[in-house]
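The values are calculated or read from the model by the stated rules, or taken from the named source; none is laboratory data. Since we're looking at a predicted model, the values are computed, not measured. All Cβ positions, glycine included, derive from the backbone under ideal geometry; neighbour counts span all protein chains shown. To get the accessible areas, we keep the full protein, side chains included, count just its heavy atoms, and leave off ligands, DNA and RNA. Shrake-Rupley method; radii C 1.70, N 1.55, O 1.52, S 1.80 Å.
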Amino acid sequence: MGAGSNSGPDVAFAEISDFGTDSSFAEITDSQWKQFRTPYFLVDESRLIRNLEILKQVSDQSGCKILLAQKAFSMFSCYPLFRRYLAGTTASGLHEARLGHEEFGKETHVFSPAYREDEFEELLRYADDFVFNSPAQVRKFALRAKAAGKSVGLRLNPECSTQEGHAIYDPCAPGSRLGTTRENFEEELLPLLDGFHFHTLCEQDSDALAVTAAAVEEKFGRYLAGRKWVNFGGGHHITRPGYDRETLIRVIRHFQSAYGVEVYLEPGEAVVLNAGFLAATVLEIVHNQMEIAILDASAACHMPDVLEMPYRPPVQFGGEPGEKAYTYRLAGPTCLAGDVIGDYSFDRPLREGDLVIFEDMALYTMVKTNTFNGMRLPSLVYRDAVGRSRLVRSFGYEDFKERLS
Ligand SMILES: Cc1ncc(COP(=O)(O)O)c(C=O)c1O
């Protein structure tokens, strides 16, 4: 039976409010935002807890384990909170594995397309579960991992693309290096493999997971029984309003009962979705066919996914161009002509010194910041559940300089 075609689980979810991405954060006043030097990321505990409670419900009701994918968010001062809800972390290599091991604890998983010989011994100190990308990597490293008491898995490529528009985020795209295809699978390695891993989704609902899981079963089904675990990767937008959690739970339960495996999910985005903000200040307004506000926050340095993905972040009180009376291009202070966040409209004119608050800015932001042009990295601010904000970290010249000579 296909993963998505089981009869429905009897799942009842407690009501958890949806924050959405509208202006519901107006509860922070202008003077509160102005307590800290911009630009800064503000991470909001109540919003984290909302996401974590949804994830906990999913793991309680399905019996799966959920890990934080640190590549999306590694503000480790939040890890004591996360630890109360999640089973551990997953890492993309040595440094994230060490961070997860030292700051989070619980289970530390790691996947890398190709491990380095000169880092592997150290990695064995931090990670509990190793996922290898290819039979060659299994042959190179699995026996050493096993001898150190680690769990070992292989990443599968089910060659089943379910996403449109974001080819660079599609591990099943033709020519992808990620995961082992059916053609490259080597049955002789099965005795070494405790588990399988597949990661194919990006910001998707569980219908795409059901399609992918069915493809995994079709191609690799005969190898699933006898494994201890299957990791469904990330890209599950579980905490997004309207996400179909029933289907997710149905697919998890199907794998558990059909193959006797433990199921892991390793979302990044879903853990911190809509839980962070980037506060910026208008430095100057210039005019060239349109009004352009130069901010102290840069797309290129502080939110590179805006350019890379590309993606348009919501702006508090901001509308589409022309929707409200005053339209501005919001742009960064670097030399890059394309350092543009987007065009937005407001009810009143923007002036020098005004705050601009970008929403949904926790995921894939602070882990990707850079100091191009010598730009200062945004400070990190944490707002606790009773509404008190504190500066966690600020950055300066040394953070720019120390990487350069
Ligand atoms: C192997 C793996 N696991 C988990 C994730 C986390 O994905 P997301 O943040 O979209 O949930 C990624 C993202 O690229 C990934 O490559």
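Scan the stretch 118-172 residue by residue and report those that are in a loop (DSSP other than H, G, I, E, B), in contact with a Ser or Thr (Cβ under 9 Å, 6 or more places away or on another chain) and either of a type outside the set (D, E) or within 12 Å of the ligand (Cβ to nearest atom) (or both). A127, N133, S134, N157, P158, C160, S161, T162, Q163, D170, P171, C172, listed by residue number.
Taking the conditions (1) more than 16 Å from the ligand (Cβ to nearest atom); (2) among the hydroxyl-bearing types (S, T, Y); (3) closer than 29 Å to L273 by Cβ in turn, T200 satisfies each one other than (1).
Matching residues to (1) within 16 Å of the ligand (Cβ to nearest atom); (2) under 18 Å from the mean Cα position of the chain (by Cα); (3) under 17 Å from S151 (Cβ atoms):
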site	(1), (2), (3)
E218	no, no, no
R222	no, no, no
V230	yes, no, yes
G233	yes, yes, yes
H236	yes, yes, no
E246	no, no, no
I249	no, no, no
H254	no, no, no
G260	no, no, yes
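Being β-branched (V, I, T), open to solvent by 40 Å² or more (accessible area, probe 1.4 Å), farther than 30 Å from I357 by Cα and assigned to a helix (DSSP H, G or I) is the requirement here; does V216 meet it?
Numbers: β-branched (V, I, T): yes; open to solvent by 40 Å² or more (accessible area, probe 1.4 Å): no; farther than 30 Å from I357 by Cα: yes; assigned to a helix (DSSP H, G or I): yes.
Considered against the rule, which asks whether it is β-branched (V, I, T), open to solvent by 40 Å² or more (accessible area, probe 1.4 Å), farther than 30 Å from I357 by Cα and assigned to a helix (DSSP H, G or I), V216 comes out as no.
Scan the stretch 317-329 and give yes if some residue there is closer than 30 Å to P267 by Cα and either hydroxyl-bearing (S, T, Y) or touching a helix residue (DSSP H, G or I) at 6+ places or on another chain (Cβ under 9 Å) (or both), otherwise no. No - not one qualifying residue is present in the stretch 317-329. Of all residues in the stretch 351-379, those satisfying the criterion of being aliphatic (A, V, I, L, M) and either buried (at least 21 other Cβ atoms within 10 Å of the Cβ) or closer than 23 Å to I292 by Cα (or both) are L355, V356, I357, M361, A362, L363, M366, M375, L377.
Among the residues of the stretch 189-197, is any open to solvent by 50 Å² or more (accessible area, probe 1.4 Å) and either outside any loop (DSSP other than H, G, I, E, B) or out of contact with any Phe, Trp or Tyr (no Cβ under 9 Å at 6 or more places or on another chain) (or both)? Give the steps one after another, and end with the answer.
Initial filter on the stretch 189-197 (open to solvent by 50 Å² or more (accessible area, probe 1.4 Å)): 191.
After this cut, where a residue has to be either outside any loop (DSSP other than H, G, I, E, B) or out of contact with any Phe, Trp or Tyr (no Cβ under 9 Å at 6 or more places or on another chain) (or both) as well, the list is 191.
Checked against the condition, which is being open to solvent by 50 Å² or more (accessible area, probe 1.4 Å) and either outside any loop (DSSP other than H, G, I, E, B) or out of contact with any Phe, Trp or Tyr (no Cβ under 9 Å at 6 or more places or on another chain) (or both), the stretch 189-197 yields at least one hit.
Candidates L124, L156, L178: the one that is under 21 Å from the mean Cα position of the chain (by Cα), open to solvent by 10 Å² or more (accessible area, probe 1.4 Å), farther than 30 Å from R50 by Cα and in contact (Cβ under 8 Å) with a residue 24 or more places away in the chain is L178.
Residues being in a helix (DSSP H, G or I) and touching a helix residue (DSSP H, G or I) at 6+ places or on another chain (Cβ under 7 Å): count how many of those fall in the stretch 219-249. Give the derivation first.
Taking the stretch 219-249 first, the residues in a helix (DSSP H, G or I) are 219-224, 245-249.
Retained after the next criterion (residues that are touching a helix residue (DSSP H, G or I) at 6+ places or on another chain (Cβ under 7 Å)): 223-224, 245, 247-249.
The qualifying residues number 6.
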